[in-house]
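Reading through the structure tokens given below for one structure.
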Amino acid sequence: MDTHSPDFHRPPSGDLLIGLDQGTTGSTALLIDRDLNVLARATVEFPQHFPQPGWVEHEHDDIWVSVRSALKQVLEGVDPTRLAALGITNQRETTFVWDADSGIALGRAVVWQDRRTSQACAELKIHEEDVRARTGLPIDPYFSATKIAWLRRQHGTRRLAFGTADTHLARRLCGASLTDLSNASRTLLLDLRQGIWCEHLTQRFDVAGIERPLIVPSSGVCGRIRGVPELPDGLPLAGIAGDQQAALFGQGCFDAGQAKISYGTGSFILLNTGPFIASSRHGLLSTVAWQLGGETQYALEGGAFVAGALVSWLRDGLGIIERASEVEALARSVPDSGGVTIVPAHAGLGAPHWRPDARGVIHGLTRGTTRAHIARAALEGIAHSQCDILEAMAADHGAALTDLRVDGGAAANDLLMQIQSDFCGLNLQRPRMLETTALGAAMLAGLGVGLWSGLDELRRSYPLDRRFEPAQDPAAVAQARQRWKEIVARA
């Protein structure tokens, strides 16, 4: 495809945008207008495969079928001439390989959750200081490099090409093998400072000679749709970003010092560090946020393994609620947790502690403890976990955070959001649209085709729902934080 032709970069004729979020368990399509109003949304799930303990795989075609089905649902009855562009966001480290000569998919994709390369990573740990200095990442099965090496061994002498989920979609949508800089930064193969594939690292991880996707900016026309029945031929593919980076963008965190928390099963916090790479001394990841107009923004990232999953455990494990939505009212029925503290280390402790051997703790039970106290302690435990990461971020960033934006399912819980604001001492902004990943992809695409004049126009369009401000006595918060840290040490 000739990306230098005038037709390739023609201005948009439409006013609607599609955001496509290819996630771990399903694919979501979102249709918005230039005022960020959501006009339609559809999610289609696809099967997960667990061939051995610790292995997680996806079929290439299952993902594509789910994407097409979601697109068909949101575009039913829509005039295709109104479409201006499409943006995609995706599960980040999941790894796909193809035969480089025929383009045929080989085997299943190895999912980011997969742990089959744990031993290989342990053997490579002697190189971690060098790898972290180049990539901003530790050596871990989470990232793509050791997955690629494992897949290479399965396919013998074939000439291979690899990509992440955005590459898989781009190949199907417009026939181009490409990835954006934010996704490339999650492979352990990108030189973070230069923004290029690192030949030293391809040798280190034994993936030299495997074809890599072309790295493109996160916003800008990088392809045009062809041969997809649900979409008009010629529609620009104009935005790509990894899911957490897309959520950061969808939250309008365009400036250094702005951060967001996405509350899902676990949680992800990203802090925009601007044009500077903040090397973490406190167990966080340095990563690309996005690349716009030739300028690269970076971020610090930290994740907690258990967030919304703690509420699910109250429902499924303890049986103290019947539905997750009941937890807020139950927790509100008491003024405090009655001295109970819950450390949600049910799957170990993530950032900044990185203790996979840790286990959950319920501390401070008395004869007077009720299920309401446990519910409130659960919400406080979720909030404390985020504060640990936020404190590490502030220390690495070298400056106080300016604001904090929240999204994801648990962000709908007003009590949790107020507790979070109290504990971290920051104003929280919650948008009307809590699923900001697809929104961010659509926004990147809209910028990429000139639907908005720039970031200032998007700042004015931020769809704020509610603001939460610290209301608890700072001395009481400091005491609660100290008690939390003492109990975490026992986990």
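What follows is calculated from the coordinates using simple rules that are stated; it is not laboratory data. Predicted model, so just to flag it, every value in this text is computed and none were measured. Here Cβ is always computed from backbone atoms with ideal geometry, including for glycine, and neighbour counts include all displayed protein chains.
Odds and ends about this structure:
- The 3J(HN,Hα) values that the Karplus relation (6.51, -1.76, 1.60; θ = phi - 60°) gives for the stretch 189-197 are, in residue order, 10, 9, 6, 4, 6, 8, x, 9, 4 Hz. Gly and Pro appear as x.
- When only Cα pairs below 8 angstrom with a gap of at least 6 residues are kept, the stretch 6-244 shows a relative contact order of 20 percent.
- Relative contact order, percent, the chain [alpha-carbon distance under 8 Å, six or more residues apart]: 16
- Cα-based reach from residue 260 at 12 Å (exclusive), listing aspartates and glutamates while leaving out same-chain residues under 8 positions away: 301, 403, 407
- Label corresponding to percent of Cα pairs over 42 Å apart when calculated from the structure given, among (i) 16; (ii) 20; (iii) 11: (i)
- FRET efficiency, 1/(1 + (r/R0)^6) with R0 35 Å, evaluated for residue 126 and residue 467 via beta carbons: 0.15
- From phi via Karplus (6.51, -1.76, 1.60), per-residue ³J(HN,Hα) for the stretch 243-254 in Hz, x at Gly/Pro: 4, 6, 5, 5, 5, 4, 5, x, 7, x, 8, 7
- Antiparallel bridge percentage (DSSP; both residues within the chain; nearest 5): 70
- Using the Stokes-Einstein relation with a Kirkwood hydrodynamic radius computed over Cα pairs, the translational diffusion coefficient of the stretch 283-342 at 20 °C and a viscosity of 1.002 mPa s comes to 143 µm²/s.
- Kirkwood-type radius of the stretch 6-244, with distances r between different C-alpha atoms, in Å: 18.4
- 5 angstrom amide H check on residue 289, placed H, neighbours 5+ away: 297, 298, 299
- Each Lys and Arg Cβ is given +1 and each Asp and Glu Cβ -1; about its Cα centre, the chain then shows a dipole of about 720 debye.
- Summing Lys and Arg as +1 and Asp and Glu as -1 over all other residues whose Cβ lies under 13 Å from the Cβ of residue 103 gives a net charge of +1.
- When you filter the trypsin sites (Lys or Arg not before Pro) in the stretch 333-420 for DSSP loop state and at most 10 other Cβ atoms inside 10 Å of their Cβ, you are left with 367.
- Mean sequence separation of contacting Cα pairs (under 8 Å, at least six apart), scaled by the length of the stretch 201-309, corresponds to a relative contact order of 22 percent.
- Longest site-free stretch - the chain; sites: GluC sites (Glu not before Pro), DSSP loop, at most 15 other Cβ within 10 Å: 77-321
- CD proxy at 222 nm, helix term only [per DSSP H run n ≥ 4: -39500 (n - 2.57); per residue of the chain; nearest 500]: -9500 deg cm²/dmol
- Table column - 3J(HN,Hα) (Hz), the stretch 174-188, Karplus curve with 6.51, -1.76, 1.60, x for Gly and Pro: 9, x, 10, 8, 8, 8, 8, 5, 5, 5, 4, 6, 9, 9, 6
- The H on the amide N of residue 48, modeled in the peptide plane, is under 5 Å from the matching H of no residue at least 5 residues off or on a different chain.
- Likely footprinting exposure, 387, 174, fewest C-beta neighbours within 10 Å first: 387, 174
- Alpha-carbon gyration tensor eigenvalues x 5, square-rooted, for the stretch 212-308, Å: 28, 17, 11
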